[in-house]
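Novice: Before I ask anything, here is the structure I am working with.
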Amino acid sequence: EVDWFSLASILFLLMFAPLIVYYFIMSCDQYQCSLIDPLIDLLTGKKHLSDIWDKTPTLTYRAAGIYALWVTFQVVLYVFIPDFCHKFLPGYVGGVQEGAVTPAGVVNKYQINGLQAWIITHVLWFANAYYFHFFSPTIIFDNWIPLLWCANILGYAVSTFAMIKSYAFPTNAKDCKFTGNFFYDYMMGIEFNPRIGKWFDFKLFFNGRPGIVAWTLINLSYAAKQQELYGQVTNSMILVNVLQGIYVLDFFWNEAWYLKTIDICHDHFGWYLGWGDCVWLPYLYTLQGLYLVYHPVQLGTANAIGILILGLIGYYIFRMTNHQKDLFRRTNGNCKIWGKKPEYIECSYMSVDGTKYYSKLLTSGFWGWARHFNYTGDLMGSLAYCLACDFEHILPYFYIIYMTILLTHRCIRDEHRCFSKYGKDWKRYTAAVPYRLIPGVF
């Protein structure tokens, strides 16, 4: 059943999330990234909504062509070019991999080739920038708002198609979840793993491609625009490109591991993922680079080094925390964490068919510090991106605010699910590891 709070939250997001994205992008285009000035103009009557809307660039054939070509290219890389990176990159896990067991007992197979798609895309981008010159490296920035309309069209189209598909021809009817509430079903999704054909998995494609592959290209386009406007690329822009580039590369290097995360293992595919990955992710996760085009910041050497160190430490914690859990799972606890035999709590749970299963919850290493210490590292990296933009405007700090809310909410969702699954064993675990994110604080 859908409780009133969940329904109210969903209606709020459906109505206001697209407006939030538009407001942020419009504020940079018309108000030099000030979030306050548009409100002041509207409240004082200096401008009307129609004045702001009339100055907003509209959808263009050029933008539609660019976006259609981009998505088609990523579909081709995803579906038709099997992974070859795992054949020559030591330690990289690519190619055909199995996902987690779905609620219906299905084990889906995935073609893991995101790193390959990212490499091919960026090789072609740099080849064009330095050799072919078919288009300007600023092409993304120059068409940013027209591309926003294209992204919205795709986001709504794929979300609507996924809902229709779940009724008309679901990939697996037993993995569909119908609540009877149209808005909840549209937002959170009905099908668990909607697919077309053998390999085109909606969830994996839209989670990773085209948005995350584009993330680094978008930042590169911002850097190119800085060079065009000011004759140089600031060290703050370089920091944002480097730190976010590390995050993106980590995502694709560990794409097989991503199959075991909450997005793939628990979320159904609806507007939350479909529209979110097409619009919210590429437009709001890249606000720091966009801001730096309008407000170039040249950091002092000490500040730049400090921000770089914060970002790298955050990444190290994020990666090593996830590595410890993955190692513990793969070896069933027969490994060493920080040079010692890992500590853990034995748990049991019952599946829907009455079968009893056993599991182990790690309580040493970073997982002894906090129950979601990987999120803590993620937040440290997120803060570093924002600090690179200095303190003149709040807009670039939206990312750390949003990520704090998102990851805290994920903590609560995950722990509610674990308590339902493990019962009293979960209480034993939380007693052993009492903090969620920050040891000694929260």
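The values are calculated or read from the model by the stated rules, or taken from the named source; none is laboratory data. What you see is a predicted model, and the numbers here were worked out from it, not measured in a lab. Neighbour counts are summed over all protein chains in view; Cβ atoms, including those assigned to glycine, are modelled from backbone coordinates with ideal geometry. With ligands, DNA and RNA removed, areas are computed over all heavy atoms of the protein, side chains included. Shrake-Rupley method; radii C 1.70, N 1.55, O 1.52, S 1.80 Å.
Novice: Rounded to the nearest whole Å², what accessible area per residue is found for segment 1-298 with the 1.4 Å probe?
Specialist: 45 Å²
Novice: Additional query: Taking Cα pairs under 8 Å and at least six residues apart, what relative contact order does segment 301-441 come out at, in percent?
Specialist: 30 percent.
Novice: On to the next question. I'd like the Karplus ³J(HN,Hα) series for segment 41-58: coefficients 6.51, -1.76, 1.60, θ = phi - 60°, whole numbers in Hz, and an x wherever there's a Gly or Pro.
Specialist: Those phi angles translate into 4, 6, 6, 8, x, 5, 9, 10, 4, 5, 5, 5, 5, 5, 8, 7, x, 9 Hz.
Novice: In debye, nearest 20: dipole of segment 17-122 around its Cα centre with unit charges on the Cβ of K, R (+) and D, E (-)?
Specialist: Details: 6 positive and 7 negative charges, 42 e Å.
Value, rounded to 20: 200 debye.
Novice: Right, next: Heavy atoms only, probe 1.4 angstrom, no DNA, RNA or ligands counted: give me Leu249, Leu148 ranked by accessible area, highest first.
Specialist: Leu249, Leu148
Novice: Starting from the Cα gyration tensor of segment 172-225, take the square roots of the eigenvalues, sort them a ≥ b ≥ c, and report rounded, prolate or oblate (rounded when a/c is under 1.5, otherwise prolate if a/b is larger than b/c, else oblate).
Specialist: In terms of gyration-tensor shape, oblate.
Novice: Please report the relative contact order for segment 163-322, taking Cα pairs under 8 Å with a sequence separation of at least 6, and give it as a percent rounded to a whole number.
Specialist: Normalised by residue count, the contact order of segment 163-322 is 31 percent.
Novice: Further question: Which whole-number percentage describes the relative contact order of the chain, with Cα contacts under 8 Å and a sequence gap of 6 or more?
Specialist: Once divided by the residue count of the chain, the mean separation gives 16 percent.
Novice: Still on this model: Explain nothing, just the number: dipole magnitude of the chain about its Cα centre with +1 on each Lys and Arg Cβ and -1 on each Asp and Glu Cβ, in debye rounded to the nearest 20.
Specialist: Dipole of the chain, to the nearest 20 debye: 1440 debye.
Novice: A follow-up question, please. Taking the Cα atoms only, what angle lies between the long axis of helix 114-127 and the longest principal axis of the chain, rounded to 10 degrees?
Specialist: Value to nearest ten degrees: 20.
Novice: If every alpha-carbon in the chain counts as one equal scatterer, what log10 I(q)/I(0) does Debye give at q = 0.06, 0.11 1/Å?
Specialist: Summing over Cα pairs of the chain leads to -0.27, -0.97.
Novice: Among Asp390, Asp425, what's the order by accessible area (1.4 angstrom probe), most exposed first?
Specialist: My answer, sorted largest first, is Asp390, Asp425.
Novice: Which whole-Hz couplings ³J(HN,Hα) result when phi for each residue of segment 226-231 is put into the Karplus expression 6.51 cos²θ - 1.76 cosθ + 1.60, θ = phi - 60°, listed in order with x for Gly and Pro?
Specialist: Computed from phi, the couplings for segment 226-231 are 4, 4, 5, 7, 10, x Hz.
Novice: Something else now. Counting only protein chains, not ligands or nucleic acids, how are Phe442, Phe200 ordered by accessible area (probe 1.4 Å), most first?
Specialist: Result of the area sort, largest leading: Phe442, Phe200.
Novice: Would you mind counting up the charge near Gly189? Only other residues with Cβ under 14 Å from its Cβ, with Lys and Arg at +1 and Asp and Glu at -1.
Specialist: Once all neighbours under 14 Å are counted, the net charge is -3.
Novice: Would you mind giving the three semi-axes, in whole Å and largest first, of the ellipsoid equivalent to segment 4-50 according to its Cα gyration tensor?
Specialist: 26, 13, 8
Novice: How would you classify segment 296-410 from its alpha-carbon gyration tensor, with a ≥ b ≥ c the square roots of the eigenvalues: rounded for a/c under 1.5, else prolate if a/b is greater than b/c, otherwise oblate?
Specialist: Oblate shape, in that a/c is at least 1.5 and b/c is the bigger or equal ratio.
Novice: Let me ask you something else. Leaving out ligands, DNA and RNA, and with a 1.4 Å probe, what % of the accessible surface on the chain is carbon or sulfur?
Specialist: 66 percent
Novice: Per residue, how much accessible area does segment 334-442 show when a 1.4 Å probe rolls over the protein heavy atoms, in square angstrom?
Specialist: 53 Å²
Novice: Just to confirm a number: summing +1 for Lys and Arg and -1 for Asp and Glu over residues other than His295 whose beta-carbon lies under 11 angstrom from that of His295, what do you get?
Specialist: Local net charge: -2.
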